[in-house]
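Presented below is the structure to which this report refers.
The values are calculated or read from the model by the stated rules, or taken from the named source; none is laboratory data. Model, not experiment: these values are computed from the prediction. Virtual Cβ from ideal backbone geometry, glycine too; neighbours counted across all protein chains shown.
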Amino acid sequence: MAERSGAGTAQDLDRVLANLRALSDDIESCAVLSGDGDLISSSHEPGAERERVGAILAALVNLAERVARESGKGHISQLRIDTGGGHLLMVRLDGGGVLAATTGQDARVGLVLYDMRNSRGEVEKVLAEGSDE
Amino acid sequence: MKKLLRGLFLLGAIAGAVYAVRGYLQGRPPATENVHIIFDDGSVRSMASNTTEGQEFTDIARKLVEVGL
C-alpha cells in the first residue's frame, strides 16, 4: 500500500505493483524505495513495521552502492540475494530509487527479475508524474 | 618407492578426511556464491555467503525475506 494517498501517484504505484504481482506469482512481497530512502509503496500498513522495513531496505541499498563505489563502478543496476529461505531481488530506478521484491526459495528468479525490469519503466513514469505535481 | 607412494597417498587421504570432518563439525556452510550484483556498465560481482561482505548482504536480506516488504 502506497503512503502518499493524496496524490494520484500512490494509487498508480499500487496499481503497477499489483500488476507486477499478478504477472509474477512467485513474488511474495514488493516495494518501492525512493532515492531519498523513503518507502513509497509497501505491503505493510503505515506504522513502526513499515518504517523498520524501509530502514532495512535503505541500509541494503547503501551497502550495495558502497560496493559499487569501492569497485570503481557508477551504480548498481540489479541485486540478487539467495538467503537460503528465499530471495531478495532489487532493480535500480532512475533517480536512485529501487524496486524490490521477495520470493520463496524455489522461485523462478530469472523470470521474476525479467518482470521487474519490464515494470521498472512504468514505476519510473509514475514517480516522475508524482514529482511534477 | 611403491611403498613410499602408497604412504603419501594414505597420508593425503587422511588429511582430506580430517579437513572434511572438521568443516562438517564446525557447521561451516558450503562456499556458494549467493549475492550477485550487476552494475550499470553490465559487469557482475558475486560474493559467497561465507565472506564478510557476502554475510552482510545475506543478513540484511534475510530479515526482509522474513518480514516481507
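Some observations on this one:
- Single residue of the range A:12-27 satisfying the filter (charged (D, E, K, R) and modelled with pLDDT under 95) that is farthest from B:Leu69 (Cα to Cα): A:Asp12
- Residue pairs whose Cβ atoms lie under 8 Å apart, sitting 6 or more positions apart in sequence or on different chains, and linking a residue in the range B:52-69 that is more than 7 Å from chain A (Cβ to nearest Cβ) and part of a helix (DSSP H, G or I) to a partner that is of a type in the set (Gly, Ala, Ser) and surrounded by fewer than 16 Cβ atoms within 10 Å (Cβ to Cβ), are B:Glu66/A:Gly85.
- Any hit, the range A:10-20, residues being assigned to a strand (DSSP E or B) and of a type in the set (A, V, I, L, M): no
- Hey, A:Arg80 at the interface with chain B (Cβ under 7 Å from one of its Cβ atoms) and among the basic types (Lys, Arg) or not: yes
- Filter result for the condition that a residue is within 10 Å of another protein chain (Cβ to nearest Cβ) and in contact (Cβ under 8 Å) with a residue 60 or more places away in the chain, over A:Glu49, A:Glu28: A:Glu28
- Residues of the range A:50-108 that are crowded, with 17+ Cβ neighbours inside 10 Å and polar (S, T, N, Q): A:Ser77, A:Gln78, A:Thr83, A:Thr102, A:Thr103.
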